[in-house]
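Read-outs: derived from the displayed coordinates by stated rules, not from any lab. This one's a predicted model, so the numbers in the text were calculated from it and none came from an experiment. Counting neighbours? That spans all protein chains shown, and the Cβs are built from the backbone with ideal geometry, glycine included.
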Amino acid sequence: MAHTTGSAPASKIIAGTMLALAILSVLPVATSLPLQGTFDGSWYLSTVPPSTIAITNGVLETRQSNPNATGYTTSYYDTAQIGSFPWQGQPTTQPIPYNTINITLQFHDRTLQAGSRYQIYLGLYYYLPNGTIQGCNTTLDNQGCHTYQWFDTEARLAENINGTDTTPGTENTYDAHNSFGYDTVLAQLQPGQQGNLTSFNIETQFQNAATNWNIDKATPHQLMGVEVGTAGYSFQTLNVDWYTVQLANTTQSPSPSPIPSPTPQPPPPTPQTPPSTSQPAEQSGTCLPCQAANYVQTHLWLVFIGVLAGFTIPLAIQLVGRRTRPSRTKKTIMRLHALQRLSVSVHD
């Protein structure tokens, strides 16, 4: 909440609005709380007397009192802050690189007066690094058009106006005079109750705020400040203990070092088109190059055998011819002997 005088927004309930995916669980009083909180010297404590604020054993103790005020004046806040904020002008710290936040707290007690108002809240402050931008709100609280470079947003864990608790799901816009103001009521924590806000989505909070100011949700922005505490007026006491505030990255966490690129893998084999009837089909387990080599080798053997036969067959015929000639000579001699015997017979 901007620490300057501003207009108090009226309350409206917007149906179907996404409330930043937050879960606020109310714990029984008997539930044990952490013995040691998470707050330390890095948090800036901001208040105005008679309110007080302190850190004890890591637990933030806000003790707000503003009985004489009838508006957001005097001691109207009691908060702890970390980071940079709109009333400082330009950021003096680095952006906060987280996307969710978890909070544990205990609402001790309250002492209200007529016309009182208070809220127990988580404040998130966004900076627009590309420069100022115009935002207009003519439907929700009719804040008109303004030009700023910051968003001042609140997620309220309890809100009470004139003794009446605000209905969870209520959204408001307000002119913080240095930033676009937006708040949403997540739940109604009652005195004596303990609560856990779990996985509150920081990015969704910005998108809801931008939407209500008719600003493009894709506008570059940076979370620059976080604040927890109470604000209000016309009450004697408002006492809350804050045990833990934990920022985290639940998705798309940045890696501490670049992730090496995976080794390129060969592409999967292209499915083979069935062969046409004019091409021999490749059988499973056969090798086409091997079949071709066998085919050539077989035909070379046939050619070799053919050539060999061309030489050996005539040679064989000659050999056979030579072996048959003695048989013909023998027959001639036998015929001559027969003629001689015949001749002798005739002479006799």
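Give, in nm to one decimal, the length gained when the segment between Asn196 and Thr139 is fully stretched (0.36 nm per residue of separation minus the Cα-Cα distance). Spell out each step's value before the answer.
On the way: separation 57, 0.36 × 57 = 20.52 nm, distance 3.25 nm.
Additional length available on full extension: 17.3 nm.
Could you tell me, in Å, what Rg and Dmax come out for the Cα atoms of the range 12-248?
For the range 12-248, the Cα radius of gyration and maximum Cα-Cα distance read 16.9, 49 Å.
With r defined as the distance between the Cβ atoms of Gln94 and Thr132 and R0 fixed at 22 Å, what FRET efficiency is calculated, to the nearest 0.05? Spell out each step's value before the answer.
Working: r = 21 Å, r/R0 = 0.96.
Calculated transfer efficiency: 0.55.
Amide H of Ala231: which non-local residues (sequence gap of 5 or more, or other chain) have their own amide H closer than 5 Å, using H built in the peptide plane?
Those lying under 5 Å, H to H, from Ala231 are Gln119.
Where does the range 67-108 land on the Kirkwood hydrodynamic radius, alpha-carbon pairs, in angstrom?
One over the average 1/r among Cα pairs gives 14.1 Å for the range 67-108.
Applying the Karplus parametrisation 6.51 cos²θ - 1.76 cosθ + 1.60 with θ = phi - 60° to the phi angles of the range 240-245, what ³J(HN,Hα) value in whole Hz is obtained for each residue in order, glycine and proline being reported as x?
These are the phi-based 3J(HN,Hα) values: 9, 10, 10, 8, 9, 10 Hz.
Evaluate the relative contact order of the range 12-248 (contact order divided by residue number), counting alpha-carbon pairs under 8 angstrom at least 6 apart; express in whole percent. Could the numbers behind the result be given before it?
On the way: 647 pairs, mean separation 86.5, N = 237.
Answer for the range 12-248 is 37 percent.
Based on the Kirkwood radius over alpha-carbon pairs, what value in µm²/s does the Stokes-Einstein equation return for the translational diffusion coefficient of the range 33-79 at 20 °C and 1.002 mPa s? Could you put the intermediate results ahead of the total?
Numbers: Rh = 11.7 Å.
Approximately 184 µm²/s, per Stokes-Einstein.
Based on the mean of other Cβ atoms within 10 Å per residue, sort peptides 185-191, 238-244 so the most packed one is first. Let's see the in-between values first.
Details: 185-191: 20.0, 238-244: 22.0.
Result, highest mean first: 238-244, 185-191.
Going 7 Å from the Cα of Ala114 toward and past its Cβ, which residues in the range 41-73 have a backbone nitrogen under 15 Å from where you end up?
What the label zone holds, given the 15 Å backbone N cut-off, is 68-70.
Normalised by the empirical 2.2 N^0.38 Å for globular proteins, what value does the Cα Rg of the range 84-183 take? Don't jump to the answer; show the numbers that get you there.
Numbers: Rg = 15.7 Å, N = 100, 2.2 N^0.38 = 12.7 Å.
Ratio of Cα Rg to 2.2 N^0.38 Å: 1.24.
About its Cα centre, what dipole magnitude does the range 12-248 give when the only charges are +1 on Lys and Arg Cβ and -1 on Asp and Glu Cβ, stated in debye to the nearest 20?
Details: 6 positive and 16 negative charges, 19 e Å.
So the magnitude is around 80 debye.
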